[in-house]
Amino acid sequence: MKGVIFTEFLEMVENKFGFLVADKIVSETTLPSNGVYTAVGTYSHGEMVSLVTALSKEVDMSIPQLLKAYGDHMFGQFVKYYPHFMEEAKDAYEFLAGIENYIHVEVRKLYPDAELPHFKIEQPDEHQLIMLYHSERKMADFAEGLIEGCIRYYEEDIKFERVNVEADGTIVQFSFMRHAGSGRA
Ligand code: HEM
């Protein structure tokens, strides 16, 4: 897992819960990296699980709630660092449909060792979108937070439902429904 995922996570922890909480979870968790991350480095996914588990014990939020909050924070960071990706897509559906075949493809060019999920996209009509998340890392809660950040960014009236297709969280379906007349334009 890329270091940027860890550095952004710790930044969110500091912003939301304060430096002392961030310091505590890093110093009290056994981490092969000793909690020292650089954005371009690569670290085990297990370290993220350990950090989120430690944070959940420290603050009154569940692991899924924390991963969602982190996804939402991360989308805001992506808007700051890579605004062209958001500007290129005319709406949330175009953005979401382009993650697999465009955005994450560009990510892989930058970081050949990135561990990315797979998204299968279906668009039955202009109001609906279906995203099937697939990853051994079971980070659909993080995806959900990113998706929420994305919908808020495009200011569209979109509702979605989530179904865990595999009980272990490796395959999760997000089904979106858009109401006409919403959006930034
Ligand atoms: C709503 C938009 C997005 C969604 C739903 C999404 C989803 C995800 C998820 C769920 C992961 C965790 C890995 C896994 O589940 O296997 C991930 C990793 C990642 N994504 Fe995305 N992503 C989005 C947009 C972006 C954008 C805009 C960028 C950058 C320009 C990006 C860059 C990355 C990077 C660098 C990783 C980490 C790879 C690693 O740890 O090795 N994503 N993405």
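Roughly what percent of Cα-Cα pairs across the chain reach past 20 Å? Everything past 20 Å amounts to 55 percent. Ranked from largest to smallest solvent-accessible area, with a 1.4 Å probe on the protein heavy atoms, 37, 153, 102 come out as 102, 153, 37.
Once the Cα-Cα distance is subtracted from the 0.36 nm per residue extended length, the residue 107 to residue 50 segment shows a gain of 18.0 nm. Accessible-area rank, largest first, for 138, 159, 90: 90, 159, 138, with all protein chains present and a 1.4 angstrom probe. When you work out D = kT/(6 pi eta Rh) for segment 3-61 at 37 °C and 0.692 mPa s, using the Kirkwood radius from C-alpha pairs as Rh and the Stokes-Einstein form, the result is 289 µm²/s. Calculate the length of the line joining the C-alpha centroid of segment 84-116 to that of segment 47-73, in whole Å. Taking the Cα centre of each part, segment 84-116 and segment 47-73 sit 25 Å apart. Estimated from helical segments only, the mean residue ellipticity of the chain at 222 nm is -15000 deg cm²/dmol, where each DSSP H run of four or more residues counts as -39500 (n - 2.57). How high is the FRET efficiency between residue 125 and residue 168 when r is their beta carbon distance and R₀ equals 22 Å, given to the nearest 0.05? E between residue 125 and residue 168, to the nearest 0.05, is 0.10.
The values are calculated or read from the model by the stated rules, or taken from the named source; none is laboratory data. All figures in this text were calculated on a predicted structure; none of them were measured in a lab. When we count neighbours, we look across all protein chains shown, and the Cβ atoms used for this are built from the backbone with ideal geometry, even at glycine. Keep in mind that these areas ignore ligands, DNA and RNA; they rest on the heavy atoms of the full protein, side chains included. Shrake-Rupley method; radii C 1.70, N 1.55, O 1.52, S 1.80 Å.
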